[in-house]
Ligand code: AMP
(Lines give C-alpha, C1' and ligand atoms only; values in the text may rest on other atoms or scores of the structure.)
Protein backbone atom coordinates (compact mmCIF):
# COMPACT_ATOMS: atom_id res chain seq x y z
CA UNK A 1 0.00 0.00 0.00
CA UNK A 2 1.35 3.40 -1.03
CA UNK A 3 0.70 6.23 1.40
CA UNK A 4 0.50 9.64 -0.28
CA UNK A 5 0.07 12.95 1.52
CA UNK A 6 0.28 15.41 -1.28
CA UNK A 7 -2.16 16.03 -4.10
CA UNK A 8 0.41 16.45 -6.88
CA UNK A 9 1.95 13.05 -6.10
CA UNK A 10 -1.47 11.43 -6.12
CA UNK A 11 -2.44 13.12 -9.40
CA UNK A 12 0.72 11.80 -11.03
CA UNK A 13 0.39 8.31 -9.58
CA UNK A 14 -3.21 8.00 -10.77
CA UNK A 15 -2.34 9.35 -14.21
CA UNK A 16 0.32 6.66 -14.68
CA UNK A 17 -2.03 3.92 -13.48
CA UNK A 18 -4.73 5.08 -15.89
CA UNK A 19 -2.37 5.26 -18.85
CA UNK A 20 -1.53 1.64 -18.11
CA UNK A 21 -5.24 0.85 -18.46
CA UNK A 22 -6.15 0.38 -14.79
CA UNK A 23 -9.65 1.17 -13.58
CA UNK A 24 -9.79 3.15 -10.33
CA UNK A 25 -12.25 2.72 -7.47
CA UNK A 26 -12.33 5.44 -4.82
CA UNK A 27 -13.53 5.32 -1.19
CA UNK A 28 -13.46 8.69 0.60
CA UNK A 29 -13.57 8.52 4.42
CA UNK A 30 -12.89 10.56 7.53
CA UNK A 31 -11.04 7.66 9.15
CA UNK A 32 -11.62 5.80 12.44
CA UNK A 33 -12.30 2.94 10.08
CA UNK A 34 -14.81 0.19 10.90
CA UNK A 35 -16.37 -2.68 8.97
CA UNK A 36 -18.75 -0.25 7.22
CA UNK A 37 -15.79 1.49 5.60
CA UNK A 38 -14.09 -1.84 4.89
CA UNK A 39 -17.22 -3.08 3.08
CA UNK A 40 -16.95 -0.12 0.67
CA UNK A 41 -13.31 -1.06 0.02
CA UNK A 42 -14.41 -4.62 -0.62
CA UNK A 43 -16.91 -3.45 -3.28
CA UNK A 44 -14.26 -1.17 -4.83
CA UNK A 45 -11.83 -4.09 -5.02
CA UNK A 46 -14.39 -6.32 -6.72
CA UNK A 47 -15.13 -3.77 -9.48
CA UNK A 48 -11.74 -2.11 -10.13
CA UNK A 49 -8.04 -2.82 -10.69
CA UNK A 50 -6.91 -0.20 -8.18
CA UNK A 51 -8.52 0.97 -4.96
CA UNK A 52 -7.77 4.42 -3.58
CA UNK A 53 -8.91 5.29 -0.02
CA UNK A 54 -8.71 8.79 1.45
CA UNK A 55 -8.73 9.73 5.13
CA UNK A 56 -9.41 13.38 5.83
CA UNK A 57 -11.48 14.88 8.64
CA UNK A 58 -13.01 17.65 6.57
CA UNK A 59 -13.45 20.84 8.63
CA UNK A 60 -15.87 22.52 6.19
CA UNK A 61 -18.59 19.90 6.68
CA UNK A 62 -18.77 20.30 10.47
CA UNK A 63 -21.37 22.85 11.51
CA UNK A 64 -20.50 22.13 15.16
CA UNK A 65 -16.89 22.93 16.11
CA UNK A 66 -17.12 20.73 19.19
CA UNK A 67 -18.08 17.76 17.00
CA UNK A 68 -15.06 18.52 14.77
CA UNK A 69 -12.69 18.78 17.75
CA UNK A 70 -13.71 15.47 19.28
CA UNK A 71 -14.06 13.51 16.01
CA UNK A 72 -11.81 10.41 16.42
CA UNK A 73 -8.44 10.61 14.63
CA UNK A 74 -6.55 7.32 14.73
CA UNK A 75 -4.67 7.19 11.43
CA UNK A 76 -2.06 4.67 12.67
CA UNK A 77 -4.75 2.12 13.60
CA UNK A 78 -6.51 2.86 10.31
CA UNK A 79 -3.31 2.25 8.34
CA UNK A 80 -2.89 -1.14 10.02
CA UNK A 81 -6.49 -2.06 9.13
CA UNK A 82 -5.97 -1.01 5.52
CA UNK A 83 -2.81 -3.10 5.21
CA UNK A 84 -4.95 -6.17 5.92
CA UNK A 85 -7.39 -5.48 3.04
CA UNK A 86 -6.46 -4.66 -0.54
CA UNK A 87 -5.97 -0.91 -0.52
CA UNK A 88 -3.48 0.18 -3.18
CA UNK A 89 -3.21 3.84 -2.33
CA UNK A 90 -4.03 5.62 0.92
CA UNK A 91 -4.34 9.40 0.60
CA UNK A 92 -3.93 11.28 3.91
CA UNK A 93 -3.69 14.98 3.05
CA UNK A 94 -3.28 17.77 5.60
CA UNK A 95 -5.84 20.56 5.89
CA UNK A 96 -3.42 22.92 4.12
CA UNK A 97 -3.07 20.48 1.26
CA UNK A 98 -6.85 20.34 0.67
CA UNK A 99 -7.57 23.99 1.49
CA UNK A 100 -4.47 26.02 0.54
CA UNK A 101 -6.77 29.06 0.32
CA UNK A 102 -10.40 29.64 1.23
CA UNK A 103 -12.61 27.95 -1.34
CA UNK A 104 -15.72 30.05 -1.97
CA UNK A 105 -17.47 27.61 -4.31
CA UNK A 106 -21.22 27.29 -3.80
CA UNK A 107 -23.39 24.39 -4.96
CA UNK A 108 -27.01 24.11 -5.98
CA UNK A 109 -28.60 20.94 -4.65
CA UNK A 110 -32.17 21.89 -5.63
CA UNK A 111 -34.56 20.73 -2.92
CA UNK A 112 -32.30 17.96 -1.69
CA UNK A 113 -30.52 19.93 1.05
CA UNK A 114 -33.63 21.65 2.41
CA UNK A 115 -34.68 18.70 4.58
CA UNK A 116 -33.27 16.43 7.30
CA UNK A 117 -29.45 16.74 7.62
CA UNK A 118 -29.43 19.78 5.34
CA UNK A 119 -32.04 21.57 7.42
CA UNK A 120 -30.47 20.69 10.78
CA UNK A 121 -26.78 21.08 9.85
CA UNK A 122 -26.44 24.38 7.97
CA UNK A 123 -23.53 24.32 5.51
CA UNK A 124 -22.90 20.61 6.03
CA UNK A 125 -23.61 19.49 2.46
CA UNK A 126 -21.72 22.42 0.95
CA UNK A 127 -18.69 21.17 2.91
CA UNK A 128 -19.29 17.60 1.74
CA UNK A 129 -19.64 18.69 -1.90
CA UNK A 130 -16.54 20.86 -1.61
CA UNK A 131 -14.29 18.09 -0.34
CA UNK A 132 -15.75 15.34 -2.51
CA UNK A 133 -15.39 17.43 -5.68
CA UNK A 134 -11.80 18.36 -4.74
CA UNK A 135 -11.02 14.68 -4.18
CA UNK A 136 -12.77 13.69 -7.43
CA UNK A 137 -10.62 16.25 -9.29
CA UNK A 138 -7.45 14.66 -7.90
CA UNK A 139 -8.34 10.95 -7.99
CA UNK A 140 -10.55 11.08 -11.09
CA UNK A 141 -11.88 7.57 -10.37
CA UNK A 142 -14.08 5.43 -12.60
CA UNK A 143 -16.31 4.58 -9.66
CA UNK A 144 -16.72 6.07 -6.18
CA UNK A 145 -18.29 4.21 -3.25
CA UNK A 146 -20.55 5.68 -0.56
CA UNK A 147 -22.56 4.13 2.26
CA UNK A 148 -26.36 4.25 2.42
CA UNK A 149 -25.96 4.95 6.13
CA UNK A 150 -25.60 8.58 4.98
CA UNK A 151 -28.66 8.31 2.77
CA UNK A 152 -29.16 11.99 2.00
CA UNK A 153 -25.43 12.39 1.33
CA UNK A 154 -25.60 9.78 -1.46
CA UNK A 155 -28.55 11.63 -3.06
CA UNK A 156 -26.64 14.92 -2.90
CA UNK A 157 -23.43 13.40 -4.28
CA UNK A 158 -25.31 11.80 -7.18
CA UNK A 159 -26.91 15.18 -7.89
CA UNK A 160 -23.73 17.28 -8.01
CA UNK A 161 -21.70 14.58 -9.78
CA UNK A 162 -24.21 14.80 -12.62
CA UNK A 163 -24.54 18.59 -12.48
CA UNK A 164 -20.78 19.17 -12.52
CA UNK A 165 -20.39 16.53 -15.25
CA UNK A 166 -17.90 14.34 -13.41
CA UNK A 167 -17.58 11.16 -15.43
CA UNK A 168 -17.73 9.03 -12.28
CA UNK A 169 -20.18 6.28 -11.40
CA UNK A 170 -21.55 6.67 -7.88
CA UNK A 171 -22.09 3.32 -6.17
CA UNK A 172 -24.15 3.19 -2.97
CA UNK A 173 -23.51 0.32 -0.58
CA UNK A 174 -25.70 -1.18 2.17
CA UNK A 175 -25.49 -0.20 5.86
CA UNK A 176 -23.25 -2.45 7.95
CA UNK A 177 -24.51 -2.95 11.51
CA UNK A 178 -23.19 -4.18 14.85
CA UNK A 179 -24.62 -7.48 16.10
CA UNK A 180 -27.29 -5.63 18.13
CA UNK A 181 -28.40 -3.68 15.03
CA UNK A 182 -26.65 -0.36 15.70
CA UNK A 183 -25.42 1.17 12.42
CA UNK A 184 -21.62 1.26 12.51
CA UNK A 185 -20.24 4.79 12.84
CA UNK A 186 -16.92 6.33 13.80
CA UNK A 187 -18.85 8.33 16.39
CA UNK A 188 -19.95 5.12 18.19
CA UNK A 189 -16.53 4.93 19.86
CA UNK A 190 -17.32 8.21 21.64
CA UNK A 191 -20.32 6.65 23.45
CA UNK A 192 -20.07 5.78 27.15
CA UNK A 193 -20.83 2.17 28.12
CA UNK A 194 -24.22 3.23 29.40
CA UNK A 195 -25.04 5.17 26.22
CA UNK A 196 -23.82 2.27 24.09
CA UNK A 197 -26.17 -0.11 25.90
CA UNK A 198 -29.12 2.16 25.05
CA UNK A 199 -28.50 3.21 21.44
CA UNK A 200 -29.51 -0.10 19.87
CA UNK A 201 -33.07 1.07 20.59
CA UNK A 202 -32.68 3.36 17.55
CA UNK A 203 -32.21 0.62 14.93
CA UNK A 204 -34.50 -1.82 16.73
CA UNK A 205 -37.30 0.74 16.70
CA UNK A 206 -36.72 1.30 12.97
CA UNK A 207 -36.93 -2.47 12.35
CA UNK A 208 -40.16 -2.68 14.42
CA UNK A 209 -41.56 0.32 12.53
CA UNK A 210 -41.66 -1.80 9.39
CA UNK A 211 -44.12 -4.12 11.14
CA UNK A 212 -46.11 -1.22 12.61
CA UNK A 213 -46.39 0.29 9.11
CA UNK A 214 -48.65 -2.61 8.13
CA UNK A 215 -51.40 -1.33 10.42
CA UNK A 216 -50.50 2.36 10.94
CA UNK A 217 -50.61 5.42 8.67
CA UNK A 218 -47.35 7.16 7.75
CA UNK A 219 -47.98 9.87 10.35
CA UNK A 220 -48.83 7.30 13.05
CA UNK A 221 -45.68 5.36 12.26
CA UNK A 222 -43.56 8.51 12.49
CA UNK A 223 -45.15 9.51 15.80
CA UNK A 224 -44.70 5.99 17.17
CA UNK A 225 -40.97 5.87 16.32
CA UNK A 226 -40.32 9.28 17.87
CA UNK A 227 -42.29 8.42 21.02
CA UNK A 228 -40.62 5.03 21.61
CA UNK A 229 -37.10 6.45 21.20
CA UNK A 230 -37.77 9.60 23.23
CA UNK A 231 -39.10 7.47 26.10
CA UNK A 232 -35.51 6.35 26.64
CA UNK A 233 -33.80 8.94 28.89
CA UNK A 234 -30.50 8.71 26.97
CA UNK A 235 -32.02 9.47 23.57
CA UNK A 236 -33.49 12.60 22.02
CA UNK A 237 -34.84 12.43 18.45
CA UNK A 238 -33.89 15.43 16.29
CA UNK A 239 -36.03 14.30 13.35
CA UNK A 240 -37.58 11.20 11.86
CA UNK A 241 -38.83 11.61 8.31
CA UNK A 242 -40.21 9.09 5.82
CA UNK A 243 -39.19 10.28 2.35
CA UNK A 244 -39.16 9.42 -1.35
CA UNK A 245 -35.78 7.74 -1.87
CA UNK A 246 -34.96 9.90 -4.93
CA UNK A 247 -36.55 13.33 -4.45
CA UNK A 248 -36.41 13.18 -0.61
CA UNK A 249 -39.93 14.67 -0.61
CA UNK A 250 -42.04 13.56 2.37
CA UNK A 251 -44.17 10.45 1.91
CA UNK A 252 -47.75 11.01 3.11
CA UNK A 253 -49.33 7.75 2.15
CA UNK A 254 -48.01 4.18 2.00
CA UNK A 255 -49.69 3.75 -1.41
CA UNK A 256 -47.31 6.23 -3.03
CA UNK A 257 -45.26 4.42 -5.68
CA UNK A 258 -41.85 5.86 -4.72
CA UNK A 259 -39.20 3.92 -2.80
CA UNK A 260 -39.68 4.89 0.86
CA UNK A 261 -36.94 5.47 3.41
CA UNK A 262 -37.27 6.44 7.06
CA UNK A 263 -34.34 8.63 8.11
CA UNK A 264 -33.56 9.48 11.71
CA UNK A 265 -31.13 11.65 13.69
CA UNK A 266 -30.84 11.16 17.44
CA UNK A 267 -28.86 13.05 20.08
CA UNK A 268 -27.17 10.85 22.67
CA UNK A 269 -25.74 13.37 25.11
CA UNK A 270 -23.38 15.47 22.97
CA UNK A 271 -23.11 12.78 20.27
CA UNK A 272 -25.39 12.74 17.27
CA UNK A 273 -26.18 9.50 15.43
CA UNK A 274 -28.07 8.91 12.18
CA UNK A 275 -29.66 5.80 10.70
CA UNK A 276 -32.29 4.86 8.13
CA UNK A 277 -34.44 2.00 6.96
CA UNK A 278 -36.41 1.12 3.84
CA UNK A 279 -40.16 0.59 4.02
CA UNK A 280 -41.59 -1.86 1.51
CA UNK A 281 -45.33 -1.38 2.15
P1 AMP B 1 -17.23 8.72 7.09
O2 AMP B 1 -15.84 8.29 7.42
O3 AMP B 1 -18.18 8.64 8.25
O4 AMP B 1 -17.30 10.01 6.34
O5 AMP B 1 -17.78 7.62 6.10
C6 AMP B 1 -17.11 7.32 4.90
C7 AMP B 1 -18.00 6.48 4.05
O8 AMP B 1 -18.33 5.28 4.74
C9 AMP B 1 -19.34 7.18 3.72
O10 AMP B 1 -19.68 6.91 2.37
C11 AMP B 1 -20.28 6.53 4.68
O12 AMP B 1 -21.63 6.54 4.24
C13 AMP B 1 -19.74 5.12 4.74
N14 AMP B 1 -20.19 4.45 5.96
C15 AMP B 1 -20.10 4.91 7.22
N16 AMP B 1 -20.69 4.05 8.08
C17 AMP B 1 -21.16 3.03 7.34
C18 AMP B 1 -21.88 1.83 7.64
N19 AMP B 1 -22.23 1.51 8.87
N20 AMP B 1 -22.19 1.00 6.62
C21 AMP B 1 -21.84 1.32 5.34
N22 AMP B 1 -21.17 2.43 5.00
C23 AMP B 1 -20.84 3.28 5.98
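For the range 106-115, the criterion of being within 26 Å of residue 46 (Cα to Cα) and assigned by TED's automatic domain parsing to the domain that holds residue 35 is met by no residue.
Selection over the range 205-220 of residues that are surrounded by fewer than 18 Cβ atoms within 10 Å (Cβ to Cβ) and within 16 Å of the ligand (Cβ to nearest atom) gives a count of 1.
Restricting the first member to the range 165-180 and to residues that are under 16 Å from residue 154 (Cα atoms), and the second to residues that are part of a strand (DSSP E or B) and near the ligand (Cβ under 10 Å from one of its atoms), the beta-carbon pairs closer than 6 Å and six or more apart or on different chains are 168/144; 170/144; 171/145; 172/146; 173/145; 173/147; 175/183. For the range 85-125, a residue qualifies if it is farther than 28 Å from residue 35 by Cβ and touching a strand residue (DSSP E or B) at 6+ places or on another chain (Cβ under 6 Å), but none of them does.
The number of residues in the range 102-143 being free of Cβ contacts under 8 Å to residues at least 12 places away in the same chain and under 17 Å from residue 57 (Cα atoms) comes to 1. Residues considered: 192, 185, 200. Of these, the only one that is within 13 Å of the ligand (Cβ to nearest atom), within 26 Å of residue 73 (Cα to Cα) and modelled with pLDDT of 95 or more is 185. Give the range 155-182 a look and list any residue that's within 13 Å of the ligand (Cβ to nearest atom), surrounded by fewer than 19 Cβ atoms within 10 Å (Cβ to Cβ) and part of a helix (DSSP H, G or I), or say none. The one that is within 13 Å of the ligand (Cβ to nearest atom), surrounded by fewer than 19 Cβ atoms within 10 Å (Cβ to Cβ) and part of a helix (DSSP H, G or I): 158.
The values are calculated or read from the model by the stated rules, or taken from the named source; none is laboratory data. Computed from a predicted structure; not experimentally measured. For neighbour counting, all protein chains shown are included, and Cβ atoms are generated from backbone atoms with ideal geometry for every residue, glycine included.
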